[in-house]
Protein chains: 2
Amino acid sequence: MKPLKTYILEDQIGHILRRVSQRHSGIFTSQMPSDLTPTRFAAMAKLLECGPLSQNELGRLSAMDIATIKGVVDRLRVRKMVDSKKDPTDARRQLIKLTAKGERVIRAAIPDALEVTKQTVDPLTKAESKQLLKLLSKLQ
Amino acid sequence: MKPLKTYILEDQIGHILRRVSQRHSGIFTSQMPSDLTPTRFAAMAKLLECGPLSQNELGRLSAMDIATIKGVVDRLRVRKMVDSKKDPTDARRQLIKLTAKGERVIRAAIPDALEVTKQTVDPLTKAESKQLLKLLSKLQ
DNA sequence: CTGTTCTCGTTTGTATACTAACTATATATT
DNA sequence: AATATATAGTTAGTATACAAACGAGAACAG
């Protein structure tokens, strides 16, 4: 006899991922300056790490679609966190780089971001947290 | 001497969660009919499980903000997957219920959704997958 | 040199996701 | 009954997220 296929939303990895992401983003919003969203922060952190990048490279490195990264960069530009100039070697490219203000802001925000990570995994022991990262990494 | 606080985006739980969610949603999109998004599916699955619900209840049960669930319900209504009527006992409420079409669609989609879950955790062993769900559940 | 193909970025459209301000209705308190 | 408070839903605004179609430039084939 075949077992019934019942569908329990709460048991599905997709649903749980969504809820955990919601919680994380709530923690992020409450801890960080209001004009730093998770994606803006990610883009700026990558620029700090790598120096000036094309939009495409920045998108790839921070795991954002090109249409998404464009919006993120536009909004960062409005806030004078980044600026851009034509790549002299390739007229299609825009090189995006942190402004002085942007670099100051992202450096100041990094300790807070580490605190966000800490609070997010706070319900777990250190070993559990390490295990979780290991398992999630296999799913990327 | 204080250690340097280096920030590795790829090690942060928020970033990893975002990437895993992206992968899951890609699998969902490729496996499911194009007019069933993850949230639409979740809302309909809850309606199938619980019967008619107010927008508020539906939002709570499927982990969506009231402003979000409104958009989801509106789009489901346009597609004739749900309809709604005034709650006779409370004039503020709209009772949302699956249409016959909606019920047919969601029932047919459930096996596919279980397959999406399966594919999502495919890189993990059964034990790992169970462990992952356990750890994630602690973070909800 | 000339197409062909690829890549970079833009734009449009749709769909979450949440905040804040608002209206309307219900419920509780005095 | 009058007032205060709480709840249900709507609306507007901002920010991801991605698909699809497009133009401009680069790279490469012949």
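The values are calculated or read from the model by the stated rules, or taken from the named source; none is laboratory data. All values derive from a computational prediction rather than experimental measurement. With ideal geometry, Cβ positions are generated from the backbone for all residues, glycine too; neighbour counts draw on all protein chains shown. For accessibility, only protein heavy atoms count, side chains too; no ligands or nucleic acids. Shrake-Rupley method; radii C 1.70, N 1.55, O 1.52, S 1.80 Å.
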How many residues are polar (S, T, N, Q) and more than 9 Å from DNA strand D (Cβ to nearest atom) if we restrict to the stretch A:67-107? 3
Considering only the stretch A:42-50, I want to know if a residue exists there that is under 11 Å from the mean Cα position of the chain (by Cα), open to solvent by 20 Å² or more (accessible area, probe 1.4 Å) and more than 11 Å from DNA strand D (Cβ to nearest atom). no
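Residue-by-condition table, conditions (1) farther than 26 Å from A:Gln22 by Cβ; (2) touching a strand residue (DSSP E or B) at 6+ places or on another chain (Cβ under 8 Å):
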| site | (1), (2) |
| --- | --- |
| A:Ala42 | no, no |
| A:Leu48 | yes, yes |
| A:Leu58 | no, yes |
| A:Leu61 | no, yes |
| A:Lys70 | no, no |
| A:Arg104 | yes, no |
Under the condition of being in a helix (DSSP H, G or I), without any contact (Cβ under 8 Å) to a residue 12 or more places away in the chain and exposed (fewer than 15 other Cβ atoms within 10 Å of the Cβ), which residue from the stretch A:61-101 is farthest from DNA strand C (Cβ to nearest atom)? A:Ala100
Looking only at the stretch A:102-124, which residues are open to solvent by 80 Å² or more (accessible area, probe 1.4 Å) and either of a type in the set (S, T, N, Q) or free of Cβ contacts under 8 Å to residues at least 24 places away in the same chain (or both)? A:Arg104, A:Lys118, A:Asp122
Among the residues of the stretch A:126-140, how many are out of contact with any helix residue (DSSP H, G or I) (no Cβ under 9 Å at 6 or more places or on another chain) and open to solvent by less than 80 Å² (accessible area, probe 1.4 Å)? 1
